[in-house]
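Taking it in order: structure first as structure tokens, then the write-up.
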Amino acid sequence: MFTPTTKTALVICVWLFCATAPLAAHDAFYPHHREDFDSLTRRRELQGTVLLITAGFLGLLAGLVYFGLRKSSTVDDAPAQTQQARLTGTANEAARAAQRILNANGSISAAMEHALATYAQAAGGTWKPSADVLGHAIRCKIGTDVVTLNIDAQCIRLKVENEQASTTVTLKVERSEEE
């Protein structure tokens, strides 16, 4: 919730407050008992001190709340939008690569491998086929993204998820007339 700068400012303010306040058993530099205000003259003298201390405390408290909430009130959605755009772009590229392979030779396993290799290359990672291949569906992790690829005779479904965003791309398979 607090940034390092805000934490540092908070520590400095607390240290200054504690360093300037005289410490004694029960004595305080501000009046806080009814007996402190018994005499009318003393009451008038202390009234300004009490108001000044209260205003200072409220100002310090308002400053701390302002600095603490200043950064948290402006939520930055740019990283999530950037992640969403990246996932959508790489998923579309991988699904189109699988579509090209399927349209060319109809090999589902070759299309799956090519789609995941294309996704890994676009995402800046690598993909190695593993034992996670179950029929015509693959679920694997490429970098920080979890990729789920399903291919059947009618369509290609590629779902990509990470902590900040997720996207699903579905493309129709167009078989050539020669089959």
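Out of Ala98, Ala110, report the one residue that is among the hydrophobic types (A, V, I, L, M, F, W, C) and without any contact (Cβ under 8 Å) to a residue 12 or more places away in the chain. Full working, then the answer.
Values: Ala98 fails: without any contact (Cβ under 8 Å) to a residue 12 or more places away in the chain.
Among Ala98, Ala110, only Ala110 is among the hydrophobic types (A, V, I, L, M, F, W, C) and without any contact (Cβ under 8 Å) to a residue 12 or more places away in the chain.
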_Any residue that is modelled with pLDDT of 65 or more, in a helix (DSSP H, G or I) and under 45 Å from the mean Cα position of the chain (by Cα) - is there at least one of those in segment 31-42?_
no
*Failed condition for Thr5, given (1) closer than 30 Å to Val147 by Cα; (2) open to solvent by 80 Å² or more (accessible area, probe 1.4 Å); (3) modelled with pLDDT of 80 or more*: (1)
_For segment 148-174, which positions are assigned to a strand (DSSP E or B), out of contact with any Lys or Arg (no Cβ under 6 Å at 6 or more places or on another chain) and not β-branched (Val, Ile, Thr)?_
Leu149, Arg157, Leu158, Lys159, Glu161, Ser166, Leu171, Lys172
*asked:* I need the full set of residues from segment 81-99 which are surrounded by 18 or more Cβ atoms within 10 Å (Cβ to Cβ) and aliphatic (A, V, I, L, M), in order please.
replied: Leu87, Ala91, Ala94, Ala95, Ala97, Ala98
*asked:* For segment 83-109, which positions are in a helix (DSSP H, G or I) and modelled with pLDDT under 80?
replied: Gln83, Asn105, Ile108, Ser109
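The values are calculated or read from the model by the stated rules, or taken from the named source; none is laboratory data. Quantities reported herein were computed from a predicted structural model and do not represent experimental measurements. Every residue, glycine as well, gets a Cβ built from its backbone with ideal geometry; the counts of neighbours run over all protein chains shown. Side chains included, ligands, DNA and RNA excluded: accessible areas come from the protein's heavy atoms. Shrake-Rupley method; radii C 1.70, N 1.55, O 1.52, S 1.80 Å.
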